[in-house]
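First the structure, in the form of C-alpha cells, and then the observations on it.
The values are calculated or read from the model by the stated rules, or taken from the named source; none is laboratory data. Predicted model, so just to flag it, every value in this text is computed and none were measured. No Cβ is skipped: glycine too gets one built from the backbone with ideal geometry, and neighbour counts run over all protein chains shown. To get the accessible areas, we keep the full protein, side chains included, count just its heavy atoms, and leave off ligands, DNA and RNA. Shrake-Rupley method; radii C 1.70, N 1.55, O 1.52, S 1.80 Å.
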Amino acid sequence: MSADAEALEIAPEEARPSAVEPAAPHAEGLRRIRIALAGNPNCGKTSLFNALTGAHQHVGNYPGVTVERRDGSVSLEGERSAALIDLPGTYSLTSLSPEEKIAQDELLTGGHDVVVVVADSTNLHRNLVLLAQVMQMGANVVLCLNMADEARAAGQVIDLVQMERLLGCPVVETIGHRRKGMKELKAAIERALASPTNLGNRLVLGERLDAALALVRDLVPADFVKPEAKAWAAAKLLMNDADYVARLQMLGTGTSTLDRITAIRTRLEAESGHDAALLITEGYFGFVDGLLREVITQSSRADARLLTKKIDAVVAHRVLGLPIFAAAMYAIFWLTFTLGDPPMGWIESGFEALTGWVRGLWPEGSESMLLSLLTEGIIGGVGGVIVFLPNILLLFLGLAFMEDTGYLARSAFLVDRLMHRFGLHGKSFIPMMTGFGCTIPGIMATRTLENERDRLVTMFVLPLISCGARLPIWMLLVPAFFPATWRAPMLFAIYASGLALALLVAFLLRKAAFKGEDAPFVMELPPYRLPTLRGVLTKMCERAWLYLKKAGTIILSVSILLWALTAFPKVEDYAIDARVAAGEVTVVANPKEADVAEADDVNDAKAKAVAAAEPAEPKAGTITEAELEALRGQEDLEASFAGRIGQTLEPLFRPLGYDWKIVTAMLGAFAAKEVFVAQMGIIYSMGEVDEASEDLRAALHRDYTPLVGISLILFLLIGTPCMATIAVTKRESGRWSWALGQFFGLTALAYAMALIVFQVGRLLGF
Amino acid sequence: MKTLCNLSPGQSARVMAIQASTAIRQRMFHMGILPNAQIALERVGPTGHPLWIACQGSQIALRLGEAEAVLIIDDVREAEAEAERASATTDLDSRGDQR
Ligand SMILES: Nc1nc2c(ncn2[C@@H]2O[C@H](COP(=O)(O)OP(=O)(O)O)[C@@H](O)[C@H]2O)c(=O)[nH]1
C-alpha cells in the first residue's frame, strides 16, 4: 500500500538534532523542547494530553495518511513551553500498520527530548512492553502509570522508588481524566530534561538473545539510525523486519552485512527452536515480568474488571447484544435528529436574516453582482454547511460517549461477522449508519476505525448510502413518477439499493484495490470507563471544528465557483421582456401576499398543478410580476455557463434519458444534493420551490417517463457525491487521489447503472 | 491439533503456537497471546464468532481466521509436559531467568 511507503517518510519540518545524547546538556533557548506521549490504545493518553496542554492544541492528520495527529504545547517551569506531540496509540512499534510506523518514525527521528510512556496501571504486563521497546530505542523516558485510581481501588500497590531505581528513569502515577498528578508528571519531565539517560542497556532480554543482538548491533552501519537507537535497529534486523532489511539492502555494503545477520539469526533460531521475532517479543514480556515482580508489592485483590464483566454479560450477550445495540443506535439517531432540528431552524433563519440584512445594504433597484455573490454564493454556500452543525455536534457527542466508555468496541464485536463478509470491519457499521443522516459525519466517524485500509474502504463507499440531503430529491421525484401505492416501496428500494451497493463496492474494493490479507482483527475490548464530560465535549468540538474548517476553505470556493457558473453570463435582453414590449404578454401585479399563502397551503395546489401541466411558456394573455421574474430566471440559467455546460453535456447523458435541464440541475447537486430540487425549479421557471411542489412534479411528469425517473434516481443515488463529501474525504484520507477516485469511480458506476436500466427498460418497452 | 475454535465459552487452555503470517503473529504476540500463556474463551458473537478471549489480563476479540491460527493445549498437565519436552531443545538459561 502506498500509504505505508509515505508513512515511513514523515519528514520533520525542522532539522532534528540528535536529542538524547546523555552527555550533552540541553542548550535551552536554542530550540524548543520536544516531548512525545506514547502508549497503548485506551491507556488514557488523550486525557493526559488534554490535561497537559489545556486548550493549546491542534488536531490534524499526518500527511498522506488517515492517521490523526495531535500537537500541543505544555508549559514547564520558568515560563518555558515545550512542544508536546501525542503519538498514535499502539500496542507495539512494528512497521505493520501506518499508526505503528508513524509512532516508530516519530520516536526515532522526531528529536524528542523526553518520551513519556503512558501505561494503564491495571494492565501493566501488556502496557509496559511498549516501554521496553521505547527503552531499546534509546529514548529519554518518563514512565507515567495512568489509571492509578482503578489500580489502587483493586488493591494494587507499586513501589515507585524501587521502580525508578530499576528502570533508571522517573516514574509517576496519574489519574488522567481527573487531571491528578500533573504537577508530579511535569516535575518528572523536568528531571528527565535535567539529566537525560539512555535506558538501552537496562533492557535485559536474556543472555542468548542479548548476545545475538550485540553481534548484530556491531554490524549496523554508522548512519543507519541515530547512535542511541542502534540496539533497536539490531532487534529489527534480527527479527527480519521487511522495512529495515530493505533499507539496509540499499546501502553499498548492505548485502554482505545482511548475510552475516542472517547467519546470526539462523544460529539463534536453531539453538532456541523458536523464531527470532517470537524470542524478542518474549524477551520484552520477560523483562516486564521480572520488573513487575520486583516492584508490585501488593497485587490486585479485587478483580478490577468485575463490573465490566457484569455489564458485558448483558450488553455483549449472544442474543441480547444485538437488540440492545439497535436500541442504543436508535436512541442516538433519534436524539441527533430531534434535538438537532430546532437549532437547525435557528441557523437557517439566522442566515436568512443575514441575507436580508445584506440585501438591505443595497438600495432597491441597485442590486449588483456583488450582492448576488455575497448572498447566493458565500452566505448560501457557508450556510449550507453550517446548517448541519447541530446534527454533527449531537451525533459526535453520542459517538464520543460510545467510544470513550468502551461500548463501541462491543458493538463492533457484535456486528463484525456481518460486516466482514463484505470486507468491512465491525467498527465500519456506525459510520455507515451515520451516513443515512449525512455522509460528512459518517466519513469523519471512520476515525474510530483502527486500521487504515478499513478507514479508506468505509469512506469510499459512504456516499452510496442515501443521506438526509437526498431525501428532498426522492420526495420530489418519487411522487412525480409513481402512483401513490408505489411510493413507499420505491423509497425503501432506494435506501436498500444504496446500502446494498455500498456493501458490494466495499467487497469489490477489498478484492481489487486492497488485495491480499485482511489486517488482523485482534481488537481489544477495554474495561468500561465513565468518561468525563470535558473529555467527551473536547472530542466532539474537535471533530465539529474540523468539519467547520471545510466551510471556510474548499466548500466556500466551490460554492463561489458554482454560483459564478449559474450567474454568468448575464442575459442582456430577456425574450420575455421583448414579448411584453411587443404587447404579446401583459404583466399584472402580484396577487396579495395573503392570497398567495392561502393558495399555497390549501387544496388550490391541485388546480395549480393542472394549470402548470400546460407548458409554462405563456402563449398569450397575462402573467404576474412573480411569473415574469421566474421566466427571466429561467432564461438566465439557460444562458449561463451552467446551462451551457448542461447543453454541451446533453449528448453524453442522452443514453441515460436526460436532457440539458436535468444535467444542469445535477451540476447544482454537486454543491449539495438538495440543490437539485431548487435548480429544477429555476429551470422550470417556478422561482423558489421545495420538494413538495406539485407544479414541479407535474412538469416533470409531463416531460419525462417513469423510466427516466428511475434512471435519474439511480444516478443521483450513486454518482456525484457532493463537494463537501469530496472535501472531507480528501482531508480524512489525506490524499486527493482517493477523493477524486471516489468522485469519478462512483460517477462512472452511476452512469453504467443508469445506462443499463434505461436502455434495458426501453427495450422492454417502458 | 486443537485451536482456539475448539474451546467452548468458559473453557481455558494454554497457547502452544501461532501459525499465521508475520503481521498477525506480531499483533497477537504484542497483545499477550504468546506461547505458554493461559487463554480463556469468554464468549462468542451472535453467530458463533468472533471469539472473545481473555489472555494475560487483556480482553480481545478474534475472528475465526485468527482464532484458528492459535494452537492450544487444553490440559494444564499436558502443557507442562509439552513445555518440558520443548525445554529439552529450547534454551532454558536464556529465558528461564525471566519466565
Ligand atoms: N478511571 C480512570 N479513567 C481514565 C483515566 N484516564 C482516562 N480515563 C478514561 O478512559 C477513557 C479513555 O481515555 P482516552 O484518554 O480517550 O484514552 P486513549 O485511547 O488512550 O486516548 C475515557 O473514558 C477517560 O475518561 C484514569 O486515570 N482513570
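Might you check whether a residue that is open to solvent by less than 20 Å² (accessible area, probe 1.4 Å), part of a helix (DSSP H, G or I) and at pLDDT 70 or above occurs anywhere in the stretch A:686-698?
yes
Under 9 Å by Cβ, and 6 or more places apart or on different chains, what pairs join a residue from the stretch A:225-240 that is assigned by TED's automatic domain parsing to the domain that holds A:G138 and outside any helix (DSSP H, G or I) with one that is crowded, with 23+ Cβ neighbours inside 10 Å and of a type in the set (F, W, Y)?
Short answer, once both residue conditions are applied: none.
All but one of (1) part of a loop (DSSP other than H, G, I, E, B); (2) away from the ligand (no atom under 16 Å from the Cβ) hold for A:P489; which doesn't?
The one condition A:P489 does not meet is (1).
Please enumerate the residues belonging to the stretch A:257-309 that are over 16 Å from A:L205 (Cβ atoms) and among the polar types (S, T, N, Q).
Scanning the stretch A:257-309 gives A:T257, A:T262, A:T266, A:T297, A:Q298, A:S299, A:S300, A:T308.
If I ask for residues that are away from chain B (no Cβ under 14 Å) and either within 14 Å of the ligand (Cβ to nearest atom) or open to solvent by less than 10 Å² (accessible area, probe 1.4 Å) (or both), which ones from the stretch A:140-157 would you list?
Within the stretch A:140-157, A:N140, A:V141, A:V142, A:L143, A:C144, A:L145, A:N146, A:A148, A:D149, A:R152, A:A153, A:G155 qualify.
Residue under question is A:R34, and the condition is that it be modelled with pLDDT of 85 or more, away from the ligand (no atom under 16 Å from the Cβ) and of a type outside the set (A, V, I, L, M, F, W, C); does it hold? Reasoning before the result, please.
On the way: modelled with pLDDT of 85 or more: yes; away from the ligand (no atom under 16 Å from the Cβ): yes; of a type outside the set (A, V, I, L, M, F, W, C): yes.
When the stated conditions are applied, A:R34 passes them.
It is to be established whether one or more residues within the stretch A:248-264 are open to solvent by less than 80 Å² (accessible area, probe 1.4 Å) and touching a residue at least 60 places away in the same chain (Cβ under 8 Å).
no
So for the stretch A:497-520 (the condition being within 16 Å of the ligand (Cβ to nearest atom), within 14 Å of chain B (Cβ to nearest Cβ) and in contact (Cβ under 8 Å) with a residue 60 or more places away in the chain), does at least one residue qualify?
no
Kindly check whether there is at least one residue in the stretch A:192-212 that is more than 14 Å from chain B (Cβ to nearest Cβ), among the small types (G, A, S), in contact with a His (Cβ under 9 Å, 6 or more places away or on another chain) and more than 16 Å from the ligand (Cβ to nearest atom).
yes
Quick grid of which residues meet (1) open to solvent by 40 Å² or more (accessible area, probe 1.4 Å); (2) assigned to a helix (DSSP H, G or I); (3) within 16 Å of the ligand (Cβ to nearest atom):
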position	(1), (2), (3)
A:G423	no, no, no
A:G435	no, yes, no
A:I443	no, yes, no
A:E450	yes, no, yes
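Only one of (1) at pLDDT 90 or above; (2) more than 14 Å from every other protein chain (Cβ to nearest Cβ); (3) surrounded by fewer than 21 Cβ atoms within 10 Å (Cβ to Cβ) is not met by A:A270, so which one is it?
Failed condition: (2).
If a residue must be surrounded by fewer than 21 Cβ atoms within 10 Å (Cβ to Cβ) and closer than 25 Å to A:A739 by Cα, how many such residues does the stretch A:473-496 contain?
2
From the residues in the stretch A:165-183 that are more than 13 Å from the ligand (Cβ to nearest atom) and part of a helix (DSSP H, G or I), which one is surrounded by the fewest Cβ atoms within 10 Å (Cβ to Cβ)?
So, considering only residues that are more than 13 Å from the ligand (Cβ to nearest atom) and part of a helix (DSSP H, G or I), the one surrounded by the fewest Cβ atoms within 10 Å (Cβ to Cβ) is A:K183.
Return the residue satisfying two criteria in turn: it lies in the stretch A:375-402 and is at pLDDT 80 or above and away from the ligand (no atom under 16 Å from the Cβ), and of such residues it is surrounded by the most Cβ atoms within 10 Å (Cβ to Cβ).
That would be A:L394.
From the list B:G32, B:G48, B:G57, exactly one residue is facing chain A (nearest Cβ under 7 Å), more than 18 Å from A:H425 (Cβ to Cβ), open to solvent by 10 Å² or more (accessible area, probe 1.4 Å) and out of contact with any Pro (no Cβ under 7 Å at 6 or more places or on another chain). Which is it?
B:G57
Quick one: which residue in A:S195, A:S121 is free of Cβ contacts under 8 Å to residues at least 60 places away in the same chain, in the same structural domain as A:T109 (by TED's automatic domain parsing) and either touching a Cys at 6+ places or on another chain (Cβ under 9 Å) or open to solvent by less than 10 Å² (accessible area, probe 1.4 Å) (or both)? Steps first, please.
Values: A:S195 fails: either touching a Cys at 6+ places or on another chain (Cβ under 9 Å) or open to solvent by less than 10 Å² (accessible area, probe 1.4 Å) (or both).
Answer to the check: A:S121.
Would you be able to tell me the number of residues in the stretch B:35-45 that are within 7 Å of chain A (Cβ to nearest Cβ) and open to solvent by 20 Å² or more (accessible area, probe 1.4 Å)?
Selection size over the stretch B:35-45: 1.
Filter the stretch A:213-246 down to residues that are of a type in the set (D, E) and more than 14 Å from every other protein chain (Cβ to nearest Cβ) and give me whichever is most open to solvent (accessible area, probe 1.4 Å).
Step by step, filter the stretch A:213-246, then rank; the result is A:D223.
The rows are residues; the columns are (1) modelled with pLDDT under 85; (2) among the aliphatic types (A, V, I, L, M); (3) within 16 Å of the ligand (Cβ to nearest atom); (4) open to solvent by less than 20 Å² (accessible area, probe 1.4 Å).
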position: A:P25; (1), (2), (3), (4): yes, no, no, no
position: A:A38; (1), (2), (3), (4): no, yes, yes, yes
position: A:G54; (1), (2), (3), (4): yes, no, yes, no
position: A:V67; (1), (2), (3), (4): yes, yes, yes, yes
position: A:L107; (1), (2), (3), (4): no, yes, no, yes
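Which one is farthest from the other protein chains (Cβ to nearest Cβ), of the residues in the stretch A:276-308 that are at pLDDT below 90 and surrounded by fewer than 16 Cβ atoms within 10 Å (Cβ to Cβ)?
Among them, the one singled out is A:T297.
Scan (1) in a helix (DSSP H, G or I); (2) more than 18 Å from A:W545 (Cβ to Cβ) for the single condition A:P343 breaks and write down its number.
Going through (1) in a helix (DSSP H, G or I); (2) more than 18 Å from A:W545 (Cβ to Cβ) one by one, A:P343 breaks only (2).
Please count how many residues of the stretch A:403-421 are away from every other protein chain (no Cβ under 14 Å) and surrounded by 21 or more Cβ atoms within 10 Å (Cβ to Cβ).
Qualifying residue count for the region: 2.
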